[in-house]
Structures are given as structure tokens and as C-alpha cells.
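Only the coordinates and a few stated rules stand behind these numbers; no lab work does. These numbers were taken from a predicted model, which means no experiment stands behind them. Backbone-built Cβ (ideal geometry, glycine too); neighbour counts: all protein chains shown.
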Protein chains: 2
Amino acid sequence: MTSKRLPDVDCAVAQALGVVGDLWSLMVLRNVFNGMHTFAALQDNLGVSSSVLSARLKTLCAAKVLVRQAATGDARSFEYHLTECGQDLYPVLIALMQWGEKWLPSQRGKRLTLIEKRSGKAILGARVLAQDGRVLKPRDVKVLPGPGIDPAFHALMTRTPAK
Amino acid sequence: MTSKRLPDVDCAVAQALGVVGDLWSLMVLRNVFNGMHTFAALQDNLGVSSSVLSARLKTLCAAKVLVRQAATGDARSFEYHLTECGQDLYPVLIALMQWGEKWLPSQRGKRLTLIEKRSGKAILGARVLAQDGRVLKPRDVKVLPGPGIDPAFHALMTRTPAK
DNA sequence: TTTTTCACTTCTGATTTAGAAGCTAATCAA
DNA sequence: TTGATTAGCTTCTAAATCAGAAGTGAAAAA
């Protein structure tokens, strides 16, 4: 299990973090997005111990973020691929990557550039959008409780006077 | 320190995760985005121990994601607010929230709805955009190494034949 | 046939973490 | 002005976690 110390508040962010809110899980996913699909390649690149990598891959497969499939050609070998669910994490990773590139830059310069294959031009990055495609900022957006809201969480959200 | 076991590869994602790649850091940020600014409110809501909350707030302030400022009225009390750097994490949180809502839903129904204040309509969510505003998928985007790329990482990226 | 490779699993010592309790100073309530 | 309460920590200890080494079994290369 990735974490036992999850807050028991039933919150979408907490649930998501229960699966990917772990340093190695996201590093693994980043590399799978970048075309690394085997255990050996991931271990070499990440420098993580095999026990931890094995555990993370198991967790990610159990959460249906990755699928493990036999590699063609070598019967010992397996490949880890993103499911639809895993592919949906793409904005999370891109957002993290761009934030790290902007606020925690390397002294040597830009580490990575994300370009659109078709045009060869740099992409804009991850943004929060309105239905009509406008880019939204934190203060443009309000959070409304839905039917599945945890009552305890809702109480605390509304208790603190918005400042 | 949030973590000593960071992979020493100089990678934007790893650097970012060094700051926010921790369950509690992101939960704290989520709540600060939602208008919780004091130690007590955060602790009540998250159910985290004070030692952990204290350490996380310290880390987040050290990383300039949050600023700690004296609250008006009570000399004991402090308020934690997002810096520009912290506000830039908005797409990360929205992306995580929507992923959790979609793939790890509550049995009771939708927990949260994000609406645009101005129109009152639901927002689309976090997306990866091209310069001209088109929404991009993982396969539309290519990662190019820049001048700051870690040679070890670059070697491993190109070693594995892209599949 | 022997050796190497792949993808693990198990073990152990060392590190890291979380939660309980305690602390100090400011504020409230009488 | 005394006692209780609140805010924000810090310290301590027990528990969880991790890296690294060693080992496993099956497949592939030599």
C-alpha cells in the first residue's frame, strides 16, 4: 500500500493522492509517459531499489493506472503501459513538470522542452479551462459541494469565514 | 525536509516532487486554495498531527510556496497565504482533483463541483494546451532535451527504443 | 551446459515518520 | 488578576518505510 496515513476525509484530492501521492509513483509514471516500459529501464533510470519499484508497479497496476503485459519476443519480460485512467494523469504530470521547470530551474538551463509533434512548436502547458476554452485563475473558480461531500469536510469548509 | 530519498537525476518533476510530492503538502495546499489560512483550521480539517503540519508548513514556506504573515487582531495567530509560486500549483491541484473525482468516485455521488464564479457554470478542468489553445493529448506531445538536461537521464531516455 | 538476464521476493539494519504529550506566550472570561 | 483557553510549536518514542544485499526461478544467450 502506498500509504496508510491518508486523511479519512472523503475528498477527491486525498483519494488521488492515495494512488499517486508518492514520490516514486509519479516518477515511474513520468518515465512510462516518456516511453520506458520495462522494469530494468525504470530501475536503471530512477535509481530506486527493486523492492520499492516492484511494490509501486504493483500498486499502480492494482489501481488500474498501469497494465502489465508480456513483452513480445522475450517471455521473461513484461511491459507496463498506461491505461485510459493512467493517461488521464497527463495534465497532472505536465503541470508538475512545468512548475518545476519554472520555479526550481537547473543552473544549466532548461532541462526539457515540450513540443507539439505536428507543428514542432513549444506547447503552452497545463491550464485550467472554462467550458468555452478560456484560461481560468484560482480566483475565477469556486468550489461547490456535491451530493457526495463528506459532511465533516463541508462543515469545516464553510466554518472558516472566507477572507 | 520533505524527503531525502529524491532521485538525484536533475529532473523538473523530481524537483517539484521534492517540494510537493508529499501527501500532506498537497492536502495543505488544497485547503489553502479553498480559503483555510490558519494552523488550527488546517489541523482540524486534515486530522494531521501538529508536528507534521508544522513541518510541512515550514517546508512550504521555505520553498516560497506559502508565506506566513501575522494575522490581524490576534498576536499569536499567523496566516498562511499562497505566493505567486504557490498559485502556479493551481493546475496541479485541479488536475488531481478531477482525476480523483473521475476515477475514484464516492459512492454517494459527486463530492465537489468546480464552477466559474462569473457564469456559475461548471468548468472544463485542467488540460494540456498548445500555443493556440487547442487541447493536446499525450501522443500529440514530444519531450525534447534542453541545455540543462542531465546526461544520464538523456542517455536512458534515448536508449530504450520508443515503442 | 554454463552463464547471464529478467523480474521479482525476502531479509535486515538504518532512516524517517507519525502521533501523543508537553510547552510557552497571548487572549479571554470572571 | 486569576484561571481557563487558544494558537502554534517542539520533543519524544514507537512504528513504518526504505535501500541494499542476497536469493529465486524461468528464459535466453554463449
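Things worth noting here:
- 10 Å-binned pair-distance histogram of the protein assembly as shown (Cα, whole percent): 5, 25, 36, 24, 9, 1, 0, 0
- Among A:Leu96, A:Ser50, A:Ala14 - extreme Cα towards positive end, dipole of chain A, charges at beta-carbon: A:Leu96
- DSSP H segments from chain A that extend 15 Å or more along their own axis, Cα-based, with Kyte-Doolittle mean of 0.5 or above: A:23-33, A:50-62
- Contact order relative to length of chain B, as percent, for alpha carbon pairs under 8 angstrom and 6 or more apart: 17 percent
- Alpha-carbon centroids, the stretch B:33-108 and the stretch A:101-116: separation in whole Å: 26 Å
- Among the lysines of chain B, pairs at least eight places apart or on separate chains and with Cα atoms under 27 Å apart come to 12.
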